[in-house]
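Structure below; questions to follow.
The values are calculated or read from the model by the stated rules, or taken from the named source; none is laboratory data. Please read all numbers here as calculations on a predicted model, not as lab measurements. Because the Cβ atoms are built from the backbone with ideal geometry, glycine has one as well, and the counts that use them run over all protein chains shown.
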Amino acid sequence: MKKEKMQNIALSLSSEIISSYMHSEPLHVENIDGYEITLYDEKRVLLYGLDVGDIPLRQGFYADEKFEYFIDLSPQLHHGVKYLILKSKKADKQVLKLLQDILVVAVFSVGLIAVVGYFLSKMFLKPIQNERVKLDKFIKDSTHELNTPITAILMSIERLKKEKIDEKILKRVDISAKRVQKIYSDLTYLLLESENQNIKQINLREIVENELTLYEDLALKKSVFIHKELDDAFLSMDEVSAQRLFGNLISNAIKYNKHGGKMELKLTAEEFSISNSGAGIKKEQQSRIFERFYRANEYEGGFGIGLDIVKRVCQKYKIDIEISSIKNVLTTVTLKF
């Protein structure tokens, strides 16, 4: 293939030399990319180009260690040219140069794409970032505004308990207020989880018992029987994070339990487990229940942020979390410290 190409180029050049001589035109040789052209007369006097050294001047293809040549005798002394020599670098060097050129073009292209991509991403993401800042500000403002009426409601409930008011109505208001308070606490934690954290050695048993107290009215309303076996368990973590961790697990175990169901809590120095006798969680849903805003069912309220908080706290404090569920029998969440 290479020989044929060099032969065709040499024959074309020889034809141009003969044609220019026949038309009484001066000798003119056009450069061919990738090749060097040398012309000798019959006595091997250099007429054009660079001397090729001591190579045999006979018609045909010739190659040495560095170069490849095609010697053509077709000019037949037109313009005094006896030998036309086409010289080319060997194929491996040409391939190497081609690869180098490709590499340069590829690097330049990648760099250009990266630069263009960077500016396009900045241009398109800026409106999204602005909207996110607005959303964060709205949520912060909303949670701040929620705090005042929640506090007022809870204080009013405490005062009403001292008066002769229907206990059922009072419990409904109390449970509703605590639900709103939980939403407020979860939103506040999501927004401010990296702020004002005081990590210290805390007794998880005290945290679990306090959170159980907060949700005992909700458990009574659903007639959920609670069995607990709580040992002292000490862990270095932020107290608010611990409250959100166990509070969300206890709240979900009650919320998604059946009426008259059972809930069991066990705490040791190595692990905590909480079980309920609700409808259970389908196998295909178990890998998604810790996603933010994901809800496994629609018959219970919520925003789908509780288990996302549980996952965040576990990741932060290197706590392993496992879940197992048998439909309509038992669902268990286990934390391993």
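If you go through region 26-46 one residue at a time, do you hit one that is of a type in the set (S, T, N, Q) and either in contact with an Asp or Glu (Cβ under 6 Å, 6 or more places away or on another chain) or closer than 28 Å to Leu98 by Cβ (or both)?
yes
Out of all the residues in region 219-241, which are under 15 Å from Leu265 (Cβ atoms) and among the hydrophobic types (A, V, I, L, M, F, W, C)?
Result: Ala219, Val224, Phe225, Ile226, Leu230, Ala233.
Hey, another quick one. Has region 29-38 got any residue that is polar (S, T, N, Q), modelled with pLDDT of 90 or more and in contact with a Gly (Cβ under 8 Å, 6 or more places away or on another chain)?
Within region 29-38, the subset polar (S, T, N, Q) is 31, 38.
So of that shortlist, the ones also modelled with pLDDT of 90 or more come out as 38.
Imposing the further condition that a residue be in contact with a Gly (Cβ under 8 Å, 6 or more places away or on another chain) reduces the set to 38.
The answer is yes, given that some residue of region 29-38 is polar (S, T, N, Q), modelled with pLDDT of 90 or more and in contact with a Gly (Cβ under 8 Å, 6 or more places away or on another chain).
Right, another one. What number of residues within region 234-261 satisfy the criterion of being among the small types (Gly, Ala, Ser) and part of a helix (DSSP H, G or I)? Before you say what the answer is, go through the steps one by one.
Keep residues of region 234-261 that are among the small types (Gly, Ala, Ser), which gives 236, 241-242, 247, 251, 253, 260-261.
Remaining after also requiring part of a helix (DSSP H, G or I): 241-242, 247, 251, 253.
The qualifying residues number 5.
Which of the residues that make up region 13-24 are of a type outside the set (Ser, Thr, Tyr) and either surrounded by 12 or more Cβ atoms within 10 Å (Cβ to Cβ) or assigned to a helix (DSSP H, G or I) (or both)?
Leu13, Glu16, Ile17, Ile18, Met22
When you check Ile202 against the structure, is it under 22 Å from Tyr189 (Cα atoms), in contact with an Asp or Glu (Cβ under 6 Å, 6 or more places away or on another chain) and among the β-branched types (Val, Ile, Thr), yes or no? So that I can check it myself, show each step before the final result.
Details: under 22 Å from Tyr189 (Cα atoms): yes; in contact with an Asp or Glu (Cβ under 6 Å, 6 or more places away or on another chain): yes; among the β-branched types (Val, Ile, Thr): yes.
Answer is yes for this residue.
Also: Only residues that are in contact (Cβ under 8 Å) with a residue 12 or more places away in the chain and among the charged types (D, E, K, R): list them for region 307-337, please.
Asp308, Lys311, Arg312, Lys316, Asp320, Glu322, Lys327, Lys336
Let me ask you something else. Please work out if Asn297 is out of contact with any Ser or Thr (no Cβ under 6 Å at 6 or more places or on another chain), part of a helix (DSSP H, G or I) and modelled with pLDDT under 90.
So Asn297 does not fit the description; no.
Using the structure shown, decide if Arg58 is on the phi > 0 side of the Ramachandran plot and of a type in the set (Lys, Arg).
No, not satisfied.
For every residue, the table says whether it meets (1) over 59 Å from the mean Cα position of the chain (by Cα); (2) crowded, with 18+ Cβ neighbours inside 10 Å; (3) part of a loop (DSSP other than H, G, I, E, B).
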| site | (1), (2), (3) |
| --- | --- |
| Pro26 | yes, no, yes |
| Asn31 | no, no, yes |
| Glu36 | no, no, no |
| Leu57 | yes, no, yes |
| Ser74 | yes, no, yes |
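In region 322-337, what residues are part of a loop (DSSP other than H, G, I, E, B) and in contact with a Leu (Cβ under 7 Å, 6 or more places away or on another chain)?
Start the filter on region 322-337 by keeping residues that are part of a loop (DSSP other than H, G, I, E, B), which leaves 327-329, 337.
Phe337, the sole residue that qualifies.
Next question, about the same structure. Select from region 60-90 the residues that are acidic (Asp, Glu) and at pLDDT 90 or above and list them in ascending order.
Within region 60-90, just Asp72 meets the criteria.
Separate question: Taking the conditions exactly as written (at pLDDT below 70 and in a helix (DSSP H, G or I)), does Leu120 satisfy them or not? Please lay out each step first, then the result.
Numbers: at pLDDT below 70: no; in a helix (DSSP H, G or I): yes.
Answer is no for this residue.
Another question, if that's okay. Within region 236-281, restricting attention to residues that are of a type outside the set (D, E, K, R) and surrounded by fewer than 17 Cβ atoms within 10 Å (Cβ to Cβ), which residue is farthest from Asp308 (Cα to Cα)?
Within region 236-281, the subset of a type outside the set (D, E, K, R) is 236-237, 240-243, 245-254, 256-257, 259-261, 263, 265, 267-269, 272-281.
Going one step further and asking which of them are surrounded by fewer than 17 Cβ atoms within 10 Å (Cβ to Cβ), we end up with 236, 259-260, 268-269.
Details: Ser236: 21, His259: 26, Gly260: 28, Thr268: 24, Ala269: 24 Å.
Among residues in region 236-281 that are of a type outside the set (D, E, K, R) and surrounded by fewer than 17 Cβ atoms within 10 Å (Cβ to Cβ), the one farthest from Asp308 (Cα to Cα) is Gly260.
Please find, among Glu211, Glu271, Glu264, Glu229, the residue that is touching a residue at least 12 places away in the same chain (Cβ under 8 Å), assigned by TED's automatic domain parsing to the domain that holds Val313 and within 17 Å of Cys314 (Cα to Cα).
Only one candidate qualifies: Glu271.
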